[in-house]
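Shown next, in structure tokens, is the structure this report addresses.
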Amino acid sequence: GPEMAAGSGPAARELFAEGLLQFLRPAVRQLDRHVHSVRESQVELREHIDSLATELCRINEDQKVALDLDPYVKKLLNARRRVVLVNNILQNAQERLRRLNHSVAKETVRRRAMLEAGGYQGK
């Protein structure tokens, strides 16, 4: 009918909002999983850097090695600092994702309740 042609009535907006929620939910969950696994590998990386730096310091203190390892230790510590920085950014992103996920879930529940209460007659 003509109401379909308009495509901008409350029913159309409702459908669009519902479609958007259907799309957002799994997308947000997937992003959250990705961020989580990246954070785990960042932790592993930091641990590797730490043990390598410890090992270099130990070799450096052992005077039998005629090699200045200080610059390498500095490079490692720089790398570690960047890893920690990235992890902080990821942590903030993950918290925002979780809040978004929570909002999407709340909105979904609100809409379902409205539908069940018969607040929307578009079906």
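Restricting the first member to segment 85-110 and to residues that are hydroxyl-bearing (Ser, Thr, Tyr), and the second to residues that are open to solvent by less than 100 Å² (accessible area, probe 1.4 Å), the beta-carbon pairs closer than 6 Å and six or more apart or on different chains are Thr108/Leu21.
If the condition is being under 23 Å from Gln30 (Cα atoms) and open to solvent by less than 60 Å² (accessible area, probe 1.4 Å), then segment 45-83 contributes only Val83.
Residue check: Arg29 meets all listed conditions (1) open to solvent by 80 Å² or more (accessible area, probe 1.4 Å); (2) modelled with pLDDT of 90 or more but one, namely (2).
The values are calculated or read from the model by the stated rules, or taken from the named source; none is laboratory data. Nothing here was measured: the structure is a model prediction, and the numbers come from that model. Note: ideal-geometry Cβ built from the backbone for every residue, glycine included; neighbour counts use all protein chains shown. Surface accessibility is based on the protein's heavy atoms, side chains included, excluding ligands, DNA and RNA. Shrake-Rupley method; radii C 1.70, N 1.55, O 1.52, S 1.80 Å.
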